[in-house]
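Shown next, in structure tokens, is the structure this report addresses.
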Amino acid sequence: MFSWIFIFWLLQIPKLVSAFTFKISRCYYIITEEFHHEGDFMIGAFFPLHTFYTEKKMPHSTIPYTYLDGYVQYNFKNYQYILALQFAIEEINGNPNLLPNISLGFDFYNVRFTEKDTLMNAGIWLTSHVHKMVFPNYTCGKKKFTAALTGSSWMASAQIGTLLHLFKFPQITFGPYDPLLSDHSQYSSLYQMAPQDTSLTLAIVSLIVHFRWLWVGLILPDDHKGNKILSDFREEMERKRICMAFVKMIPATWTSYFAKFWKNMDETNVIIIYGDIDSLEGLMRNIGQRLLTWIVWVMNTEHHVLEISDYFMLDSFHGSLIFKHHYRENSDFTKFIQTVNPKNYPEDIYLPKLWYYFFKCSFSDINCHVLDNCQTNASLDVLPSHIFDVAMTEESTSIYNGVYALAHSLHEMRLQQLQVQPFENGEGMVFFPWQLNTFLKDIEMRKNRSLYWRQTIDVEYDILNLWNLPKGLGLKVKVGSFSANAPQGQQLSLSEQMIQWPAIFSEIPQSVCSESCQSGFRKVSQEGKAICCYNCTPCAENEISNETAADLVILTAMFLKVPSVLKGVGGLELILDSTPPIHNE
């Protein structure tokens, strides 16, 4: 084993050396906050693709919330959002039966996780102003707006939604479903594409019960969703007699919380992590930097590996189990990705960065948007899946469906306008964005699913197993499924032989607070602790325990003259009558 690890380490030396010798061009760090793909009708796309961080926190003397040592950080995993948007638009623009003679386009704006910047970009888009200034109730351009596509966090959608609500401007969200955003008194024209997670706690607890894990930790965001899911987990786990080893709530800013967060993490072998990609980013990054190889992580979101620079073979997330909504795979999307390159989409501000960083192109001396010396066969589909996945994620699927919902709404509105008054003298379709709300509420999606997912809840989950040994492999393998609509006892389906567990385990891990009591011993509860925690003490001389993990022992009443009512395991009443049998002569 040691020699294998040593050989693997030697193989990494050339990569390690190249990482130190490869000098990053200044063009890589130059980025704008927006770009535009023209069309007759425009969609506002607000996606989190890059952010800025500071190491020494040297504040700017005159500009608030700005640092002199600011660095850009790209989240290339999220670039699939733009590709899903582009793919849907190209399909619709090429479909003669949907919006004929009308093309869709989009205005992209980066979401930087600060409310000031998010609202500023939304205001700039609504007013069509190009000089970073916003004039309320006044537009500087003649663009035909349709709707805003927002996500992936509920917070970003809520911030933009507060502004759009004032104008009844249609907003389609692609992040996880959030009950807060369904409040129509606050967000009257907001439509959520993601299905609800009404069966998620049942699905995860069913998996816990299947492997007989009785001692489980929970990590949740400290917000309304975290509190709601905690209540659901408590109810379901108590019903199945599963105990919580601990509950850790992640605050929005958890720097001061960081030191004590990792305490008692070793009390259990199984930890459930619930949350969206944005709320868990800091947590996932810190787990990845630690060697927590004895924990099976059960999650509802896929871990985004942002950077792999340590070249260490072991990974904390290897063996994780991930629950995600079941979607039919879109093979055309994979084919589309193979055709994407900077030359085909010159307006895209991220493709040159991707090609430069992963395919070792060089930036032109004249223009940071032009590349030289590129590989002729460079394509995103050759990148490892932990860097860029060609399979559509849940968020990308919601973006794809959202664009189609919008296109069908525009199509229905256009047909209605033609019936009332045909267009004349080349006059095109004219409408106000708020008029789309009527059609968005009633539109039927592809696969006969309503836009209001609350009425047609997707209750089927795929269970993925993360294979990441050696670190960087990054394979997500489907090992099972859960369907809430299936008959009782058949809801969970697993292929146990396919599951790879964390490297420390050679078989299915166990997770209990106390080991089972052997025959001849009985359980004694530990004061102030959960029912899963107990001590094992020998049975008295007049007691018998012939079952492992017996809750109570059965008193011997063989020679008593009166009936004895005894409590058995599980609350069964055993009535023993010690009256001698009557023998017929």
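The values are calculated or read from the model by the stated rules, or taken from the named source; none is laboratory data. The structure displayed is predicted, hence computed values, not measured ones. Counting neighbours? That spans all protein chains shown, and the Cβs are built from the backbone with ideal geometry, glycine included. These accessible areas exclude ligands, DNA and RNA; they are computed on the full protein's heavy atoms, side chains included. Shrake-Rupley method; radii C 1.70, N 1.55, O 1.52, S 1.80 Å.
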Rg over Rh of region 178-270, using C-alpha atoms and the Kirkwood radius, what does it come to?
1.04
Could you state the accessible area per residue of region 464-519 in Å², with a 1.4 Å probe and every protein chain left in place?
55 Å²
Put a dot 7 Å past each Cα toward the Cβ at Val382 and Glu329; how far apart are the dots in nm?
2.2 nm
Quickly rank 210-221, 388-399, 523-534 as a protection proxy: mean count of other C-beta atoms within 10 Å, highest first.
388-399, 210-221, 523-534
Extension gain, Trp434 back to Arg212 (0.36 nm per residue minus Cα-Cα distance, nm)
74.7 nm
Simple label model, 7 Å out from Cα along Cβ direction - Arg241 to Asn95, nm:
5.3 nm
The rounded separation in angstrom of the Cα centers of region 146-209 and region 375-394 is 28 Å
Hey, can you rank 79-88, 93-102, 325-334, 118-127 by average C-beta count inside 10 Å, highest first?
79-88, 118-127, 325-334, 93-102
Taking the highest mean first, how do the peptides 483-491, 268-276, 375-383, 240-248 order by number of other beta carbon atoms within 10 angstrom per residue?
268-276, 240-248, 375-383, 483-491
Assuming R0 = 51 Å, can you tell me the calculated FRET efficiency for the pair Asp372 and Gln510, based on Cβ-Cβ distance, to the nearest 0.05?
0.35
